[in-house]
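Taking it in order: structure first as structure tokens, then the write-up.
The values are calculated or read from the model by the stated rules, or taken from the named source; none is laboratory data. Keep in mind the model is a prediction, meaning the values are calculated, not measured. Because the Cβ atoms are built from the backbone with ideal geometry, glycine has one as well, and the counts that use them run over all protein chains shown.
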Amino acid sequence: MANTPIKVIRVATSIPESFHPQAEYVFRFFSHLWGIPVSVSRYRPQAEKPDIIYSSNYQHRDQGAVYIPFNKQLYDAACRCDSVECDGLRLWSEAGAACASHDLVGSSYRLLTFLDEQQVPLDCLDRRGTFFSHALPVPRQQTAHLPLVDYHAQYLLQQLTRSRPDVVRSVVPKWPGGKKYAIAMTHDTDAVSLGAAKELATNLAKFVMQRDRTFLDMFASGVRYIGQPTGNPFFGFPLWREFEAHRQVRSCFYLYAKVVPLRNDINNCKSSVVEQRIDWQILRRLAADGWEFGFHAPIDSESKLESFVEGKRWIEEKLETPIHGLRHHYLALNWKQPHVSFRQHIDAGFRYDTSIAWKDIAGFRAATCHPFQPFDSEQGKPLDIYELPICLMDGNIINDTIDVSNSIEAGLGIIRTVKEQGGVAVLDWHTETACNAYNYKNYLTVLRHILEPLLEDGDAWIATPWEITQHWQHRSVKLEAA
């Protein structure tokens, strides 16, 4: 490829000016998925013939370029959408639209900015703005497991290569060393000590209310570990080190750290590295040996920028190394205005976030399995931070009602979809699940069976989220420079 000139896909737009930033954002994202540079300009009849025309003028359909019809309704959150199959791919469009009239740009924008979620009834939202997937409009529920935006990019490239097969001859490789997809193993550290006072009280209360002996066992175990935060079953760092080092995997731990006053929330963590007297040398050695650490932002952090700033600073001082990423506890960023949360992340010095996921199911909340820069709808531009969306979380596929083999197959099925699209499979197994016991029975067992075939797959690049973010950013710069 070094001796092959990189081809550029020329896009011309003839749409209302106020929609041009959104269109340019989507084409830029498509460029990153394709590995082909894209230039976007306003349509001019005298200019060089474009490869793609995105236009509200149907007369442009006969210009000899791939024609994408502009549909203003798709940029409106109230627009009702559905999926339709075209050339073997599921596409997202205004309900009832024919294949020839699909606005793949507008529908990709609405998926990347979660516009369909604004149709979730208010009584289905909790106090944090989060909801269960069954509250989504039915067509979005049915496609929640599909990377629809990636399908849009694939479909559009297929249309383009019919007239310009040369554009795919000099693509910029997506992943290092010829790898076909990436895997990032991550851990939310929601608990570190069964013997912490709040953990004891919570488990006893759950036993009394639910009459589930699992919580009584957790309470009894916790009593034995009072005052031993580093030696109890929930202090999963040494267990993960052993599990991952044996498999030559390095993961990322997101540490919950509530270090500024915030509103109390019953679902915030009951034991953390802040108030428990842990052995920080264990974590420092992990960091020195290639494991990554990040910030697990408490619920309501978005009410104070200081929460992000001080949480990052506190962890860095304890670890004696910088951190670059974060994930919100309970995935509770500002869902009414996600761009506001992302701005706070940037202002606090973070380089990536990984909080985008469905609360209760595996799949693709942003309809992509690739890193992307969130769009700021108020400023009309992408933000200077990357999002690495989660596709698979432990609780999505493991519970008492699901057979272990079914959990394994569900996890592998999601990762197969990621591999097909050449994306990133971000896995989230909570730090405390390493005990593989109590209410986390079989969690590590399921993960082991999911990872085994992936570790043998020569197409998989297994890396930390920060390594993936850096690679994707450098590759994006190369594409845009071309």
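Brief remarks follow.
- Residue tally, condition part of a helix (DSSP H, G or I) and closer than 18 Å to LEU125 by Cβ, over the stretch 318-344: 6
- Selection count, the stretch 448-468, where residues are touching a strand residue (DSSP E or B) at 6+ places or on another chain (Cβ under 7 Å) and part of a loop (DSSP other than H, G, I, E, B): 3
- Looking only at the stretch 420-447, residues that are part of a helix (DSSP H, G or I), of a type outside the set (A, V, I, L, M, F, W, C) and under 22 Å from LYS179 (Cβ atoms) come to 2 in all.
- Which numbered condition ALA47 misses (of (1) within 22 Å of PRO21 (Cα to Cα); (2) surrounded by 15 or more Cβ atoms within 10 Å (Cβ to Cβ); (3) not basic (Lys, Arg)): (2)
- Listed here are the strands (runs of 3 or more DSSP E) enclosed by the stretch 60-105 that have at least 3 residues being more than 28 Å from ARG164 (Cα to Cα), of a type outside the set (S, T, N, Q) and touching a strand residue (DSSP E or B) at 6+ places or on another chain (Cβ under 6 Å), and there are none.
- The listed residue being among the aliphatic types (A, V, I, L, M), within 17 Å of LEU239 (Cα to Cα) and in contact with a Cys (Cβ under 9 Å, 6 or more places away or on another chain), out of LEU444, LEU427: LEU444
- THR417 being farther than 21 Å from SER476 by Cβ and either in a strand (DSSP E or B) or at pLDDT below 95 (or both): no
- ASP217 fulfils the conditions (1) in contact (Cβ under 8 Å) with a residue 60 or more places away in the chain; (2) within 22 Å of LEU326 (Cα to Cα) except for a single criterion, (2).
- Residue in the stretch 316-326 that is in contact with a strand residue (DSSP E or B) (Cβ under 7 Å, 6 or more places away or on another chain) and of a type in the set (S, T, N, Q) present: no
- For the stretch 251-268, the count of residues that are touching a helix residue (DSSP H, G or I) at 6+ places or on another chain (Cβ under 6 Å) and free of Cβ contacts under 8 Å to residues at least 40 places away in the same chain is zero.
- For the stretch 432-456, the set of residues classified as acidic (Asp, Glu), surrounded by 16 or more Cβ atoms within 10 Å (Cβ to Cβ) and free of Cβ contacts under 8 Å to residues at least 60 places away in the same chain is empty.
- Residues of the stretch 345-375 that turn out to be over 24 Å from SER407 (Cβ atoms), charged (D, E, K, R), out of contact with any Gly (no Cβ under 9 Å at 6 or more places or on another chain) and in a loop (DSSP other than H, G, I, E, B), as a count: 0
- Each residue in the stretch 421-435 was checked for being more than 24 Å from PHE295 (Cβ to Cβ) and out of contact with any Pro (no Cβ under 9 Å at 6 or more places or on another chain), and 1 of them qualify.
- Residue among ARG327, ARG365 that alone is touching a residue at least 40 places away in the same chain (Cβ under 8 Å) and more than 17 Å from ALA135 (Cα to Cα): ARG327
- Search result, residues across the stretch 148-186 that are part of a loop (DSSP other than H, G, I, E, B) and within 15 Å of HIS32 (Cα to Cα): VAL171, VAL172, PRO173, LYS174, TRP175, LYS180
- Members of the stretch 275-317 found to be hydrophobic (A, V, I, L, M, F, W, C), under 20 Å from LEU331 (Cα atoms) and assigned to a loop (DSSP other than H, G, I, E, B), listed by number: ILE299
- Some residue of the stretch 330-351 being under 30 Å from LEU89 (Cα atoms), modelled with pLDDT of 95 or more and surrounded by 19 or more Cβ atoms within 10 Å (Cβ to Cβ): yes
- Among residues of the stretch 277-297 that are on the phi < 0 side of the Ramachandran plot and at pLDDT 95 or above, those with a beta-carbon under 7 Å from a residue that is assigned to a helix (DSSP H, G or I) and among the hydroxyl-bearing types (Ser, Thr, Tyr) at least six positions away or on a different chain give the pairs ALA297/SER307.
- The residues of the stretch 181-208 that are of a type in the set (D, E, K, R) and buried (at least 18 other Cβ atoms within 10 Å of the Cβ), listed by number, are ASP188, ASP190, GLU199.
- Filtered residues of the stretch 1-36 (kept if in a loop (DSSP other than H, G, I, E, B), surrounded by fewer than 20 Cβ atoms within 10 Å (Cβ to Cβ) and at pLDDT 90 or above): VAL8, PRO16, GLY35
- Being more than 29 Å from ALA144 (Cα to Cα), in contact with a strand residue (DSSP E or B) (Cβ under 7 Å, 6 or more places away or on another chain) and part of a loop (DSSP other than H, G, I, E, B) is not true of PRO45.
- One residue stands out among those in the stretch 7-29 that are among the aliphatic types (A, V, I, L, M) and without any contact (Cβ under 8 Å) to a residue 60 or more places away in the chain: the one that is nearest to SER377 (Cα to Cα), which is ILE15.
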